[in-house]
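Following: one structure in structure tokens, then a few remarks.
Laboratory data are not the source of any read-out in this text; all were calculated from the coordinates shown. Keep in mind it's a predicted model, so treat the numbers as computed, not measured. All Cβ positions, glycine included, derive from the backbone under ideal geometry; neighbour counts span all protein chains shown.
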Amino acid sequence: MQTRSGYDDRAATVDGALWRQAVDTLEANWEVDHTVPSRTLYPHQWSWDSAFIAIGLARVRPDRAWRELRSLFAAQWSDGRVPHIVFNPRLRPGDYFPGPEMWASTDAPGASELATSGIIQPPVHALAAERLWRLTGTSEAAAELARLYPRLVAQQRYLARRRDVGGGGLVCLVHPWESGLDNSPAWDAPLDRVPADAAVMRTYRRHDTRFVADSHRPTDLDYARYLALVSSYRERGYADDDLAGRHPFLVECPLFNALTAAAEHALAAIAPVVGADPGPHRARARALTAAIVDRLYEPASGTFRPRDLRTGTLVAPRTVLGLGPLILPELPAEQVRAVLAEACSPRFGLAERMSRPLPSHDRTAPDFEPLRYWRGPSWINTGWLVWRGLREHDRPALAAGLRDSMLDLVGRSGCHEYFHPETGAGLGSPAFSWTAALTLDLLQTP
Ligand code: 2M8
């Protein structure tokens, strides 16, 4: 039913005002061939944002959803990496920091001809493609899927072959930005060991604090360390050999790795449609699931936590990253029980009727910050991933409780980037794309 300037508005009957707000947000953020996360804070194309956005667009504009994925993968590097930002050449320098001049990606061997960053983000794209295919199923969708499949396979191959720095079968991240949960307390200890001086930030102009209060964003010292990591990686042309010997930040993240395994499951579902063999994808998903349990699960505390490869230990904070493995269909029963216990504890407050939204960090921890991004506030994408995990493991009442809590949040406060984990007030960008997109998906999945 295409009724509103090309939009399928079936879900308008579910909650008209919310549906319209979400569609309007995505429409306002559409830019030629992709959707910006936010016109002000994030005016280029971001990798995992595009995947979440495609999942929402699948509900209303599947043509744009495919276009979104196509434009992102047009910037894929020859080694298979999908860069975390694709810069819009039509914007002026200074419209985002750190911009293309800092990354200098086009000097790197095998990089895209388009200006991009040199790091990656969680691979949610195969999930998005599978979803799009299931929802549309047309011959055009089959053709899109056939074009995308080899690129998705190359993305996974990059992760498996170039990023297993620890040698245990998991993907290693070289920058907190690669996790997508950039400022999570999970990264504090590994980041503390990156040598940097906050004074270096006097020579740059931060873009984020033009729009959001300093107290909601990473500190200047955090930014100095982020830039030191960019320089360390860039100086060797973003090469991944010998990272263990030279790069100061190396972590294995449970959410990133769970999404990498989930991508293999999605590719196994896609493979028969494009005439490929699902077997190797299933085998890799199984091996990744086993490695996540083996390397990132601590039986004594019943938690999944990131491993810091510099110290060989699991980091201390209990963040929402630890709930990520719930998305794995083959997660053993013991770990499913443990993740559910963690999620339903006072740390995260998951319940059939939730009194407060799901936070990004343990709300009982002394360093819980309700306003600073990724250090406490509630985000719709992490909530959506946990919701998917609850459905996967057949917990309909908890899934419904989380869904209601997310829709209530967006319904009351709007399509904000994130939300105050106690009051539900909207924070960050007020017109944020993945919040809008995933709201559309939630509205249509009772
Ligand atoms: C945030 O990250 C960017 C850097 O990549 C930033 O703070 O400037 C994160 O929330 C990240 O997960 C997200 O993809 C990006 C765009 O929404 O913003």
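What fraction, in whole percent, of alpha-carbon pairs in the range 114-218 exceed 22 Å separation?
53 percent
Give the shape of the range 175-264 as rounded, prolate or oblate, defined through the alpha-carbon gyration tensor: a ≥ b ≥ c are the square roots of its eigenvalues, a/c under 1.5 means rounded, and otherwise the shape is prolate if a/b is larger than b/c and oblate if not.
Note, shape of the range 175-264 comes out oblate.
Give me the distance in nm between label points sitting 7 Å out from Cα along the Cα-to-Cβ direction at Asp277 and Arg90, one decimal.
4.5 nm
Say each of Ser231 and Phe211 gets a label point 7 Å from the Cα, pointing the same way as Cα to Cβ; how far apart are those two points in nm?
Going from the Ser231 label point to the Phe211 one covers 2.7 nm.
Taking θ = phi - 60°, what integer Hz values does the Karplus form 6.51 cos²θ - 1.76 cosθ + 1.60 yield along the range 22-28, in sequence order, with x for Gly and Pro?
Coupling constants for the range 22-28: 5, 5, 4, 5, 5, 5, 5 Hz.
Return the distance in nm (one decimal) between the two label points of a simple spin-label model at Ala351 and Asp24, each offset 7 Å from Cα along Cα→Cβ.
3.4 nm
Please state the shape class of the range 39-124: rounded when a/c is under 1.5, otherwise prolate if a/b exceeds b/c and oblate if not, all from the C-alpha gyration tensor.
Cα axes put the range 39-124 in the oblate bin.
Evaluate the relative contact order of the chain (contact order divided by residue number), counting alpha-carbon pairs under 8 angstrom at least 6 apart; express in whole percent.
Here the relative contact order equals 18 percent.
Counting alpha carbon pairs within less than 8 Å and at least 6 residues apart, what relative contact order, in whole percent, applies to the range 252-403?
Computed value for the range 252-403: 20 percent relative contact order.
Could you give me the ³J(HN,Hα) list for the range 218-223, computed from phi with Karplus coefficients 6.51, -1.76, 1.60 and θ = phi - 60°, whole Hz, x at Gly and Pro?
x, 7, 4, 5, 4, 5
List the residues of the range 211-226 whose backbone N lies under 20 Å from a point placed 7 Å from the Cα of Glu422 along the Cα-to-Cβ direction.
Of the residues in the range 211-226, 213-217 have backbone N under 20 Å from the label point off Glu422.
Would you please state the base-10 log of I(q)/I(0) at q = 0.09 1/Å for the chain, with intensities from the Debye formula using one equal scatterer on every alpha carbon?
Per q value, in the given order, log10 I(q)/I(0) is -0.52.
Can you give the helix-only mean residue ellipticity at 222 nm for the chain, where every DSSP H stretch with n ≥ 4 adds -39500 (n - 2.57) and the sum goes over all residues, rounded to the nearest 500 deg cm²/dmol?
Result for the chain, helices only: -13500 deg cm²/dmol.
Estimate the FRET efficiency between Ser78 and Glu298 by the formula 1/(1 + (r/R0)^6), using the beta-carbon distance for r and 41 Å for R0, to the nearest 0.05.
0.60
Just check the range 319-446 against the gyration tensor rule for me: Cα atoms, a ≥ b ≥ c as the square roots of the eigenvalues, rounded for a/c under 1.5, and otherwise prolate or oblate depending on whether a/b exceeds b/c.
Since a/c reaches 1.5 but b/c is at least a/b, the shape of the range 319-446 is classed as oblate.
Measure out, as a whole number of angstrom, how far apart the alpha-carbon centroids of the range 115-152 and the range 379-442 sit.
The range 115-152 and the range 379-442 have Cα centres spaced 23 Å from each other.
Per residue of the range 46-60, what does 6.51 cos²θ - 1.76 cosθ + 1.60 with θ = phi - 60° give for ³J(HN,Hα)? Whole Hz please, x for Gly and Pro, Karplus curve as stated.
Calculated HN-Hα couplings, in order: 10, 4, 6, 4, 4, 5, 4, 5, 4, 4, x, 4, 4, 7, 10 Hz.
With the chain treated as a Gaussian network of Cα nodes joined by springs under 10 Å, which of Pro150, Pro83, Pro357 yields the largest mean-square fluctuation?
So, out of Pro150, Pro83, Pro357, the one fluctuating most is Pro150.
Give the calculated FRET efficiency between Asp33 and Arg286 to the nearest 0.05, with a Förster radius of 35 Å applied to their Cβ-Cβ distance.
0.45
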